[in-house]
Amino acid sequence: MFKGKNIVVGVTGSIAAYKSAELVSLLKKKEARVYCVMTQAAREFITPLTLRTLSQNPVFTGMFDEPRLWKVEHVGLADSADLVMVVPATANIIGKLCHGIADDLLTTVIMAAKAPVLLAPAMNVNMYMNPIVIENIKKLKEFGYHFVEPEEGELACGYQGKGRLADLETILERAEELLVKERPLCGKKVLVTAGPTREPLDPVRFLTNHSTGKMGYAIARQGRLLGADVTLVSGPSALRPFSGVKLIKVETAQEMKDAVISEYENSDIIIKAAAVGDFRPKTRSVEKIKKQSAGGLCLELENNPDILAELGQRKGSRILVGFAAETTGVIKNAAEKIAKKNLDFIVANDITKPGAGFAGDTNQVTLIFADGREKKLPLMEKDSVAREILEEATRILKERECMLN
Ligand code: PMT
């Protein structure tokens, strides 16, 4: 979403200004074009050289300090920006914007900008709780300015409370949302499953698989960016869901089934990326199973519920998308699941292929549709695979809605 976009990063005079360096670096990694505008106070905390080096663009520090630039910059930057971010945003900049004061380059750029403006406040907790600041933020929100709330915690000034700059990943997620122009899934509920399940054997051991959740979390993130109301049912995973995604954490296949069924009724699109364990130990020992002196241990397994099959039996007009993790006969095995589980399409991945399947940031999949059509995708980032899946699901949903209306 950031690639090729013009992002103006305003930096103001808070101790959190040092974090703007990392933010610029992260934006560059996402192939954005970054133009930094610093207030005079910001230069007390971080140098223009740092930001110029990281952004690989001139850093603008004052309306009047470089005549050859000033007459066009504030308009040029404002006109070319796809997004204006103020990270960190002090009480001062918030107050100036709220009262229409444009006495330096940053406030002037923001006033002239047509692009969305996202502010990430950072200040002492007592300032942030000051009724004037609260009123100013409220007023700016009414004017359509966007905010990423500060976090609670230990503040640089030694206080405890709400005032610490939000996590940069959270700020970037909000920024990404503001860059999305079209939201075809606005008003739609998307239910995604992700990650492995864990089937306990005893208090120490469990059966699981290699799924990390990356594929499903990417689908949840992209669904959110496309405007959907997303619920993510996740097995154990180290990942953090995209802001605004409703997360339901589960462990066993049975728990995943219960969570999915409870969300299924009012879901429009269901995408089952989770690697659900097909089996569980027939008996779960309450004590740790001791090593046998000889002869090893024989485990008896029983079937877990087939969640996808059950959803298929009462699909209604929902869009139901399954995955198939195969090692041989990928297309044939995947295609068999479509009719058997009443799917609209299935995402088949050969988990033995380099760069595909579990744990990596990429996947190589073939989408197989109920009408037999196949869409073979090249190896790509899981976020891109997620967008492909959601675009197809949206297409089918729109077609179905047209037929029903
Ligand atoms: O999470 P990552 O590390 O990113 O890895 C991604 C992935 C490899 C897990 C993902 O791309 C993938 O292939 N997910 C499906 C894995 C899987 O369980 O495939 P399967 O062929 O065993 O199951 C087929 C479908 O039935 C899946 O949609 C699965 O969610 C569903 N299922 C399976 C078993 C079961 N008891 N209930 C189910 O609903």
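Would you mind telling me which residue in Ile132, Ile270, Ile331 has the biggest mean-square fluctuation in a Gaussian network model of the chain, where springs connect alpha carbons within a distance under 10 angstrom?
Judging by the Gaussian network model, the answer is Ile132.
Cut-off 10 angstrom, C-alpha nodes, Gaussian network model of the chain. Which of Gly216, Gly312, Gly372 fluctuates the most?
Checking each option, the largest mean-square fluctuation is seen for Gly372.
For segment 90-192, which trypsin sites (Lys or Arg not before Pro) are both in a DSSP coil and crowded by at most 14 other Cβ atoms within 10 Å?
The qualifying sites are Lys114, Lys181.
For segment 163-191 and segment 340-358, compute the distance between their C-alpha centroids and round to whole Å.
Centre-to-centre (Cα) distance: 27 Å.
With the chain treated as a Gaussian network of Cα nodes joined by springs under 10 Å, which of Val245, Val347, Val330 yields the largest mean-square fluctuation?
Among Val245, Val347, Val330, the largest mean-square fluctuation in the Gaussian network model of the chain belongs to Val330.
³J(HN,Hα) across segment 201-211 via Karplus (A = 6.51, B = -1.76, C = 1.60, θ = phi - 60°), whole Hz, x for Gly/Pro?
9, 7, x, 10, 10, 8, 9, 8, 9, 7, 4
How high is the FRET efficiency between Asp361 and Arg395 when r is their beta carbon distance and R₀ equals 25 Å, given to the nearest 0.05?
That gives a FRET efficiency of 0.45.
Mind checking the per residue accessible area of segment 185-242 for me, 1.4 Å probe, whole number of Å²?
I get 32 Å² per residue for this part.
Give me the percent of the accessible area of the chain that comes from carbon and sulfur atoms, probe 1.4 Å, all protein chains in place.
So the carbon and sulfur contribution to the accessible surface is 54 percent.
Name the GluC sites (Glu not before Pro) in segment 179-288 that are in a loop by DSSP and that have at most 14 other C-beta atoms within 10 Å, would you?
Those that pass, being in a loop and sparsely packed, are Glu182, Glu265, Glu287.
How fast does the chain diffuse by Stokes-Einstein, in µm²/s, taking the Kirkwood radius from C-alpha pairs at 20 °C and 1.002 mPa s?
Estimated diffusion coefficient is 90 µm²/s.
Per the helix-only calculation at 222 nm, which mean residue ellipticity applies to the chain, given -39500 (n - 2.57) for every DSSP H run of n ≥ 4 and division by its residues, nearest 500 deg cm²/dmol?
Helices in the chain give a 222 nm mean residue ellipticity of -10500 deg cm²/dmol.
Evaluate E = 1/(1 + (r/R0)^6) for Asp258 and Lys340, where r is the Cβ-Cβ distance and R0 equals 22 Å; express this FRET efficiency to the nearest 0.05.
Given R0 = 22 Å and the Cβ-Cβ separation, E is 0.45.
For the chain, give me the percentage of DSSP beta bridges that are antiparallel, rounded to the nearest 5 percent.
30 percent
Within segment 1-31, what residues put their amide N at less than 18 Å from the label point 7 Å along the Cα-to-Cβ vector of Cys157?
Counting only backbone N, you get 12-19.
Could you give the length gained on full extension between His210 and Ile331, defined as 0.36 nm per residue of separation minus the Cα-Cα distance, in nm?
41.4 nm
The values are calculated or read from the model by the stated rules, or taken from the named source; none is laboratory data. A quick note: this is a predicted structure, and the numbers were derived from the prediction, not measured. Don't worry about glycine lacking a Cβ; one is built from the backbone with ideal geometry, like all the others, and counts go over all protein chains shown. Ligands, DNA and RNA are stripped out before the accessible areas are found, and what is left, the full protein with its side chains, is counted by its heavy atoms. Shrake-Rupley method; radii C 1.70, N 1.55, O 1.52, S 1.80 Å.
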